[in-house]
Amino acid sequence: MTKRGWVLFLTMGLIWGVPYAMIRVAVADFDPVVVAFGRTALGALVLLPIALYRKAFAPVLRRWGWVLVYTVVEIVGPWLLIGQAETTLNSSTVGLLIAAVPLVAVVLVTRLGHERLDLRRIAGLLVGLAGVGALVGLDIDVSNLGALAAIAVSVVGYAVGPIIINRKLADLPPMGVVTGSLIMAALVYLPFAVWRRPEHYPADATWSVVGLGLLCTALAFVVFFALITEVGPSRATVITYINPAVALLIGVSLLGEPLTAGMAIGFPLVILGSILGTAKAKSATKEPAPV
């Protein structure tokens, strides 16, 4: 990897490891739907001029139906549900649970016939599930089952989103898809955000929403596209294994969240399981049926 590639890689690992702490700070004062709206609206405002300049937005409008489906499963659902979960769960715990996305993706792509579930991937799934079990069993109180369900739905959404991109939107400009998705998500959130708008705007929560929109959304996608161009899509996805470590470090060191036994046991198991589970396998001979 080039020096520029390493810089982009480390930048992405940091940027997408930070949102969980920012969300935790923001939802302490704002309703989760307000946080989600602020993030998507700010991100869209920054990316729309770039998408228009690159002429990447118009093609997306012609495929708005699938873009809307992608938006619901990848942004509207997860960003609201993660915010809701973080009203009761620590940001570091949420970041580690989200690291299970590759494990769910493995199950989905094998069920669709894209790849075979070989012994290495089965081992990865078992190890990863053991890690998730350690996190849930040792860290999450029974009273937080609603928050756990919200994270589970978000994990599935994050796993389904790339499949929709790959099968239905792969020929569209990525910048246009992301910009269109953020605009659609902001419009979905808007009436609920107005209804739940806060009476006061504490500085910590307000700046967290601004950071989510400008840094963790707009800048993050620009850097991610640059990273894909520099190192390719496969190597770019390795940031999935860096983000939870950053989320854990920030949560413990800056927000004073506890470093629990569940994290100590579950984190390495989830990451190891994801690495094993996403290792390249032989493609299935049968063509997958269209969704």
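Data table
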| read-out | value |
| --- | --- |
| Test result for W64, closer than 21 Å to L215 by Cα and open to solvent by 40 Å² or more (accessible area, probe 1.4 Å) | no |
| Verdict on S92 being touching a Gly at 6+ places or on another chain (Cβ under 7 Å), part of a helix (DSSP H, G or I), touching a residue at least 24 places away in the same chain (Cβ under 8 Å) and open to solvent by less than 20 Å² (accessible area, probe 1.4 Å) | yes |
| The lone exception for G17 - which of (1) within 25 Å of S92 (Cα to Cα); (2) at pLDDT below 95; (3) part of a helix (DSSP H, G or I); (4) not hydroxyl-bearing (S, T, Y) it fails | (3) |
| So I75, is it at negative phi and buried (at least 23 other Cβ atoms within 10 Å of the Cβ) | yes |
| Test: residue in segment 55-68 that is under 20 Å from W16 (Cβ atoms) and at pLDDT 90 or above | no |
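The values are calculated or read from the model by the stated rules, or taken from the named source; none is laboratory data. Computed from a prediction, not measured in an experiment: that's the story for all the values here. Neighbour counts are summed over all protein chains in view; Cβ atoms, including those assigned to glycine, are modelled from backbone coordinates with ideal geometry. Calculation scope for accessible area: heavy atoms of the full protein, side chains included, ligands and nucleic acids excluded. Shrake-Rupley method; radii C 1.70, N 1.55, O 1.52, S 1.80 Å.
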